[in-house]
Each structure stands twice: as C-alpha cells, then as structure tokens.
Amino acid sequence: MDSSSPFINILPQVASACVIVAVFTYYFFKPKCIYLIDFSCYQPPDFLRAPVSNFIEHLTISGVFDKESLDLQQKILERSGISDDASVPVTVHEIPPNSSLSAAREETHEILFTVVEDLFLKHKIDPMSIDILVSNCSLFCPSPSITSIIINRFGMRSNIKSFSLSGMGCSAGLLSINLVKDLMKIHGGSMALVLSMEAVSPNGYRGKCKSMLIANTIFRMGGAAILLSNREQDKHKAKYKLQHLIRTHVGSDNESYESVMQQIDEEGNVGVALSKQLVKVASKALKINVVELGPRVLPYSEQLKYIVSFIKRKWGMQKEVYTPNFKKAFEHFCIHAGGRAIIEGVEKHLKLEKEDVEASRSTLHRYGNTSSSSLWYELQYLEAKGRMKKGDRVWQIGFGSGFKANTAVWKCISEIDSKDRNAWSDRIHLYPVCGDASSALEA
C-alpha cells in the first residue's frame, strides 16, 4: 500500500476546514457598512426669525455696545449672506439677551427634543433600540451631559453607550460620525443616534474686540439628529451608505491653532475670536485632507494628471500643480456654511462652479451658520430640490477649531422623494436666491 495514502485521504477534510475558517474569518473581520437611515434638521418657528434690521435695533437698545462696535456688526451682517429668515433662540430676543444656564438648557431642549421626536415618529423607532448615542455641542457643556438629557427625556436603556463631545468646533458633526463608525467596528448589529448643534444663548460676546464681534453676527439657531445603523436588515430602508471619512488636524501649527479660539478680552468678556487667516488655514487643512482622500475617490486619469503636474512643478516646468476635477468623483458638494468667505474659498480652491456650492450658499442664507449641523441642512436642501438620485455620491466638507478639516463621502442607495417634508419644504421654491445673497439683503 502507498504510504502517502493516509495523507491523501484527509486532504478533503483539511480543505473543508480551511474553507470554513476562511469564510468565518471573512465574515467576522470584513468591514461593516455604515448606513444612514435618515436624519432630521430643526426648523425654527417663524416668530424666532431675526431680521437684520431687528437684530441691529436689538443690539442698539441693549446698550452693551458703543457706536463703533454697532457699526461694525451692522456692516458684517449686511455682507454676511444671511437672510431675514435665520433665527435665534427666544432667550436671545429678550432685552437684554438671556445668557443664563437655564436659557442654554431651554434652547438645547427645544432643538434636540424636536429633531429626535421627529426622527423617532417618522420611522417608528423605539428609544430602547438605540445602542449608541453621541452628541456634539462645542461651547455648551452642561452637567448632566447632553446625552444624559436625551436618555432621560426618551427613556433609553441603561447599557446604552453614550458620548458627549465638546470644544470640537463646527466640524464635530463628522467627528461624531467617525466615533460611531469606530464603535460599530466592535459592536455589530447596532443602531446609533448622533446629535449635532451649537447653543447660541450663552455665547454672545459683549465687548469691543473686532475679531470676537464677528461670531455675534453669523451664528444662528439650528441642530440635527442622524440615525445610523450597521445592521443588514436596515439596508433596504437606509438613504445613504458611508464610503469614506477622513480627519485632518493641523493644530501643531500655531497659526492654525489660534485661528478660531474662545478667549477673554482685556475687559474680561468671553467670546470666540476669528482670525483674519481663517480662510488660509482652512485651505491648508483641506489640501492635506484632499491628498489623503483623492486616491480613494478620483479616477486614475485625474490622479495621473495630478502626478504629472506635480513632477513638472518640481522640475520648474510649470508654476501650479493641477487641481483634480472632483466632479468626476462626486455629484454633490456640501461645504460647511461657516460664512461667505469659507464657501468662496473652497469653491476657488477646488475650482467648483456656482451651482456646485448652491446648497451651501442657500443654507447660509436661510439658516445662517448653525455650526456642525449645517452640512445636514445642505443635504436636505439637495433632497428637497429633487437632485439626489440613487447612486449619487455627496462630499461633505467640515471645518472646525483646532484647526480641523473633516470630510465624509456618502453614496445614495435609495430613491429620495423630494416631497418628503423637511426643513426646506416651505421655502424651497424660493431658492436659489437670484444673484448674490448679500445683494438680496441690501435690496
């Protein structure tokens, strides 16, 4: 008898065992898809609108500011690209504005309770089914935390994994998504709720420092709730699938670190100072982010053009490196509505067209700078306009103090009904605003 026959006889069993191990390993370690089931954005009632004329009158009557400070704020407001529809909390309408802890809590409750209830009712979500809860609010950090407020209000279960992020700036919304993404690598079959907002009530600046007065004029009331899942059974009802999320932090550079900073002026007033170098810093951070994201999303033809131009520049054969055409990678762009200069800076840096940044400009016009939630108002704008189609890819670009540039790429995986009611439904027919938004304000 052939001495090798016993080995030959066990080959099928060994092969079967290897296949089973391979299948198990693939299933256990394969990347889990993150699905965005739906999201809700807060729509303030009309009585909270803050028309520019009323805003200036309110600042004047409050008696806090001297004429120079008032004139500066009026000038910024008139050029901000923010319309009379943008709103502030009821406590800010008071004279003088109420910046107390109770006012901040009231604003937080109004925004987050509304968007969470809207999301839960629309999809018949049991609060007990939420496995992960993440909130981000940069300048308002109460105790108990914002996530504890939500857990208490909606009766969520005791073993929920909750995280409250603060001090992370306007890009914290995508940081929260990234945190959920990392948690879901470990916790399979989970559903997560992300809450993004900024409290306006406690953060008004009452001094004379020009760089700190800007924040008074651009920040407005808003917030969003985002429902995520890595459960396969939720794929059929999800709107989007997360494809990429890239984080960039350039805080090691002093100019970047100091570009957006909460500080105290010479008279002891607390406020957020915005540097004149902010647009430059944002462009630098975005460039670093794009270098990492580009190879993952751009077609090879665009990557080759970039490499060739980079080499030519090194050899002194041309002055500028080729800017890839990102419209070959994405159908839609959502740029943080932090201000006209930020939107225009990114538009120029990426060589986009006016229509590519329409969602961002319209969000700034209608809602103002709502901090980390602005990206979600922009995505809702695209949905309300009927532009989001199945298979489309959207690039969200967020900026925040630190300084950070965070970007996310989502792919639409369902048919979006533009008639579904959202924060744009009542006025979507008025957009885009003809001509420049600031001109519309001055008219």
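The values are calculated or read from the model by the stated rules, or taken from the named source; none is laboratory data. Because the structure is a prediction, the values reported are computed rather than measured. A quick note on method: Cβ atoms are made from the backbone with ideal geometry, for glycine too, and the neighbour counts reach across all protein chains shown. All accessible areas refer to the heavy atoms of the entire protein, side chains included, with ligands and DNA or RNA removed. Shrake-Rupley method; radii C 1.70, N 1.55, O 1.52, S 1.80 Å.
Evaluated against (1) of a type outside the set (Asp, Glu); (2) buried (at least 22 other Cβ atoms within 10 Å of the Cβ); (3) over 14 Å from the mean Cα position of the chain (by Cα), residue 374 falls short on exactly one condition, (3).
Taken over the stretch 294-306, the criterion of being of a type outside the set (Gly, Ala, Ser) and either closer than 19 Å to residue 256 by Cβ or open to solvent by 50 Å² or more (accessible area, probe 1.4 Å) (or both) is satisfied by 295, 296, 300, 304, 305, 306.
Only residues that are open to solvent by 80 Å² or more (accessible area, probe 1.4 Å), in contact (Cβ under 8 Å) with a residue 40 or more places away in the chain and part of a helix (DSSP H, G or I) were counted across the stretch 247-287, and they come to 2. Pairing each residue of the stretch 111-127 that is in contact (Cβ under 8 Å) with a residue 24 or more places away in the chain and over 15 Å from residue 42 (Cα atoms) with any residue that is open to solvent by less than 60 Å² (accessible area, probe 1.4 Å) and not hydrophobic (A, V, I, L, M, F, W, C), provided the two are 6+ apart or on different chains, yields C-beta distances under 7 Å for 123/38; 127/155.
Strands (runs of 3 or more DSSP E) fully within the stretch 109-227 that include at least 3 residues being of a type outside the set (D, E, K, R) and open to solvent by less than 10 Å² (accessible area, probe 1.4 Å): 132-136, 191-197.
Scanning the stretch 185-201 for residues that are of a type outside the set (S, T, N, Q), out of contact with any Leu (no Cβ under 7 Å at 6 or more places or on another chain) and over 13 Å from residue 133 (Cβ atoms) gives 185, 186, 188, 189, 200. Taking the condition free of Cβ contacts under 8 Å to residues at least 24 places away in the same chain and either in a strand (DSSP E or B) or more than 24 Å from residue 116 (Cα to Cα) (or both), does residue 434 pass? In short, yes.
For the stretch 39-70, the set of residues classified as under 30 Å from residue 417 (Cβ atoms), open to solvent by 30 Å² or more (accessible area, probe 1.4 Å), of a type outside the set (Phe, Trp, Tyr) and in a helix (DSSP H, G or I) consists of 46 only.
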